[in-house]
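S.K.: Encoded as structure tokens, here's the structure I'll be asking about.
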Amino acid sequence: MLVAAAVCPHPPILVPEMAGEAAPELDGVRAACDRAVERLAGAGALFVVGGGMETRLYGPGAYASLRPYGFDWTSPAEPEDGAEELPLSLTIGRWLLERRGLAAGARYQAVASDADPDACLKLGQELAKAGGDVALLVMGDGSACRSEKAPGYLDVRARPYDDGVARALGYADTAALAALDPVVSQEVQAAGRAAWQVLAGAAGGTAGLTGELLADEAPYGVGYFVAAWSRSGGRRG
């Protein structure tokens, strides 16, 4: 059963060394991520969920690396021969877990970015049944079309779309997340849609689940949300 979840964005610049002089611009988001991730401690099974090329569970030998993005960081530092590299979303997830000392034993689940909602919901249901108390770290960015300088330029639908996601995350509204339109999500370049719907599936059968929205920012024209879900209580920030 799902007992806790953290939702965080996954831009490489979340890592201070990647952002350089611009690192302070994401201090608030980074601190919110730390707060959300800390609440995952103590769960029997911890899954990191994020978008990828295909839906698959990575083996224990998989490694995270920011070398493709220009920063010499790899975890573990010396991957096994033949080990597979995690996609960016899961890589940033591992980086966040390491900051709070929670990376040991975590498992990494990619979901295809174009997976249909029903498949995402079913995957979430399966993860929630992994055994005992289950926690998810869900990685996903909002729309990349929030301004004329955004990666996807300005789309007038982007802000309302992100506002809806923020409300759903703040109130643990699984129905609203499940209803996100994959076509519109793709058009406004919301990278987190599939992962959020996995969360909706995992939380669908959890009674008394509450949410807290810890951050809702778009410093570069991309929506960055941080939220924490729990059975024990919470509030909208």
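The values are calculated or read from the model by the stated rules, or taken from the named source; none is laboratory data. This structure is a prediction, so every number in the text was calculated from the model and none was measured. Ideal geometry is used to build each Cβ from the backbone, glycine not excepted, and the neighbour counts take in all protein chains shown. What goes into the accessible areas is simple: the full protein's heavy atoms, side chains included, and nothing from ligands, DNA or RNA. Shrake-Rupley method; radii C 1.70, N 1.55, O 1.52, S 1.80 Å.
S.K.: Against the conditions (1) open to solvent by 70 Å² or more (accessible area, probe 1.4 Å); (2) over 15 Å from the mean Cα position of the chain (by Cα), where does A22 fall short? Just the number, please.
M.R.: Tallying (1) open to solvent by 70 Å² or more (accessible area, probe 1.4 Å); (2) over 15 Å from the mean Cα position of the chain (by Cα), A22 fails exactly one: (1).
S.K.: Also: What do you reckon, is L123 part of a helix (DSSP H, G or I), aliphatic (A, V, I, L, M), modelled with pLDDT of 95 or more and on the phi < 0 side of the Ramachandran plot? Write out each step before concluding.
M.R.: Numbers: part of a helix (DSSP H, G or I): yes; aliphatic (A, V, I, L, M): yes; modelled with pLDDT of 95 or more: yes; on the phi < 0 side of the Ramachandran plot: yes.
Considered against the rule, which asks whether it is part of a helix (DSSP H, G or I), aliphatic (A, V, I, L, M), modelled with pLDDT of 95 or more and on the phi < 0 side of the Ramachandran plot, L123 comes out as yes.
S.K.: Another question, if that's okay. Determine whether G201 is surrounded by fewer than 23 Cβ atoms within 10 Å (Cβ to Cβ) and at negative phi.
M.R.: Values: surrounded by fewer than 23 Cβ atoms within 10 Å (Cβ to Cβ): no; at negative phi: yes.
Considered against the rule, which asks whether it is surrounded by fewer than 23 Cβ atoms within 10 Å (Cβ to Cβ) and at negative phi, G201 comes out as no.
S.K.: A follow-up question, please. Which numbered condition in (1) under 30 Å from D27 (Cβ atoms); (2) open to solvent by 10 Å² or more (accessible area, probe 1.4 Å); (3) touching a Pro at 6+ places or on another chain (Cβ under 8 Å) is the only one that D114 fails?
M.R.: (1)
S.K.: Of the residues that make up region 98-109, is at least one assigned to a helix (DSSP H, G or I) and of a type outside the set (D, E, K, R)?
M.R.: Quick first cut of region 98-109, residues assigned to a helix (DSSP H, G or I) only: 98-99.
Within this subset, residues satisfying the condition of being of a type outside the set (D, E, K, R) are none.
No, because not a single residue in region 98-109 is assigned to a helix (DSSP H, G or I) and of a type outside the set (D, E, K, R).
S.K.: For L102, state whether it is in contact (Cβ under 8 Å) with a residue 24 or more places away in the chain, among the hydrophobic types (A, V, I, L, M, F, W, C) and within 16 Å of P11 (Cα to Cα).
M.R.: In short, no.
S.K.: Tally time: how many residues in region 133-184 are open to solvent by 50 Å² or more (accessible area, probe 1.4 Å) and either under 18 Å from G208 (Cβ atoms) or in a strand (DSSP E or B) (or both)?
M.R.: The total comes to 4.
S.K.: Return the residues of region 33-83 that are open to solvent by less than 40 Å² (accessible area, probe 1.4 Å), closer than 21 Å to I13 by Cα and touching a residue at least 60 places away in the same chain (Cβ under 8 Å); say none if nothing qualifies.
M.R.: Hits for region 33-83 are C33, D34, A36, V37, V48, V49, G50, G51, G52.
S.K.: Residue by residue through region 49-64, note down the ones that are in a strand (DSSP E or B) and either touching a Cys at 6+ places or on another chain (Cβ under 9 Å) or more than 15 Å from P76 (Cβ to Cβ) (or both).
M.R.: Initially, region 49-64 is screened for residues in a strand (DSSP E or B), giving 49-52, 56-58, 63-64.
Scanning region 49-64 gives V49, G50, G51, G52, R56, L57.
S.K.: Can you tell me how many residues in region 207-222 are open to solvent by less than 20 Å² (accessible area, probe 1.4 Å) and over 19 Å from R35 (Cβ atoms)?
M.R.: So the first thing to find is which residues in region 207-222 are open to solvent by less than 20 Å² (accessible area, probe 1.4 Å), and the list is 211-213, 215, 221-222.
Checking which are over 19 Å from R35 (Cβ atoms) leaves us with 221-222.
Summing the residues that are open to solvent by less than 20 Å² (accessible area, probe 1.4 Å) and over 19 Å from R35 (Cβ atoms) in region 207-222 gives 2.
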